[in-house]
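One structure is given below, encoded as structure tokens.
The values are calculated or read from the model by the stated rules, or taken from the named source; none is laboratory data. Given the structure is predicted, the values throughout are model-derived calculations rather than measurements. Cβ: placed from backbone, ideal geometry, glycine included. Neighbour counts: every protein chain shown. The accessibility values were calculated without ligands, DNA or RNA, using every heavy atom of the protein model including side chains. Shrake-Rupley method; radii C 1.70, N 1.55, O 1.52, S 1.80 Å.
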Amino acid sequence: MKIVCLGDSLTYGYGVPRRDCWVSLAAEATGHTLVNRGINGDTTGGMLARFGGDVLGEQPDRVLLMGGANDIIFGGSDAPARLNLTAMANQAVANRIRPMIGLPTPVYAEGIPEPWLSVTDYQSLLPIFAAYRDWLVRFAGTFGFKTVDFTVPGLLPPEGHAHYLDGLHPDKEGHRLMAEAVIAALPPVRV
């Protein structure tokens with residue numbers, strides 16, 4: 001099976017070597033072809049703009065959509081992410097590609113680097129992140145899309161922050177935990 005993983009820095013693997021990113025680890029463990037189409041700092045608007053080339057151009061069986069954090073961080077709202085994610089899921093279905101929805105990792109506002117705090121008040125955005133995650137669950141359930149929940153035990157409080165490079169991006173161990181979530185969500189490779 002071929003799966004395009006479309007997203008932002010959480011998909012790209014900000015701060016970890018390519019071989020240690022969850023996309024690479026899950027591909028190696030499952031034998032499926034996982035194509036990493038994450039871009040650091042991307043919004044769901046950017047993901048939607050490149051959907052044709054990055055997803056349709058690959059002709060995958062599935063697409064794993066995970067984005068929205070940057071929409072919230074830079075726009076203060078999850079409304080654009082909801083609209084764009086809906087559009088991407090509908091484009092996938094229209095092209096006979098099965099969408100999967102990635103439920104994002106927790107955000108640790110207290111771990112955000114000082115320079116980033118000058119851009120956004122992350123603490124005030126925590127309720128929006130939570131509401132967006134809840135909406136993703138309802139959206140996927142309503143339309144029968146499989147979810148991959150990256151809010152895994154090793155990334156949850158109280159010890160979860162230890163597996164982050166900063167308050168947003170998991171470290172190498174965090175990516176290993178994320179890969180386990182993907183592996184559990186995928187069917188075994190048929191021989």
Regression test value, accessible area per residue of the chain, probe 1.4 Å, units Å², expected 46 Å²
In nm, give the distance between the simple-model label positions of Ala131 and Leu156, each being 7 Å from the Cα along the Cα-to-Cβ direction.
2.4 nm
P(r) for the range 5-70: what percent of alpha-carbon pairs falls in each 10 Å bin, starting at zero?
23, 53, 24, 0
Given a Förster distance of 41 angstrom, what is the FRET efficiency for Gln59 paired with Arg176, based on the Cβ-Cβ distance and rounded to 0.05?
0.90
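When only Cα pairs under 8 Å and 6 or more residues apart are kept, what is the percent relative contact order across the chain?
Details: 325 pairs, mean separation 48.5, N = 191.
Relative contact order, the chain: 25 percent.
Set the Förster distance to 35 Å, then compute FRET efficiency between Val93 and Ser118 from the Cβ-Cβ distance, nearest 0.05.
Working: r = 41 Å, r/R0 = 1.16.
My answer for the efficiency is 0.30.
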In deg cm²/dmol, rounded to the nearest 500, the helical mean residue ellipticity at 222 nm of the chain, built from -39500 (n - 2.57) for every DSSP H run of length 4 or more, is -13000 deg cm²/dmol
Normalised per residue, the volume of the convex hull around the Cα set of the range 18-121 (Å³):
116 Å³
Span from the the range 41-61 Cα centroid across to the the range 123-189 one, whole angstrom:
21 Å
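Can you give the longest run of the chain that contains no trypsin sites (Lys or Arg not before Pro) sitting in a DSSP loop with at most 16 other Cβ atoms inside 10 Å?
Details: sites that count: Arg50, Arg96, Arg190.
It runs 97-189.
Given the alpha-carbon gyration tensor of the chain, what are the semi-axes of its equivalent ellipsoid in whole angstrom, ordered largest first, with each equal to the square root of 5 times an eigenvalue?
Details: eigenvalues 121, 77, 42 Å².
Square roots of five times the eigenvalues give 25, 20, 15 Å.
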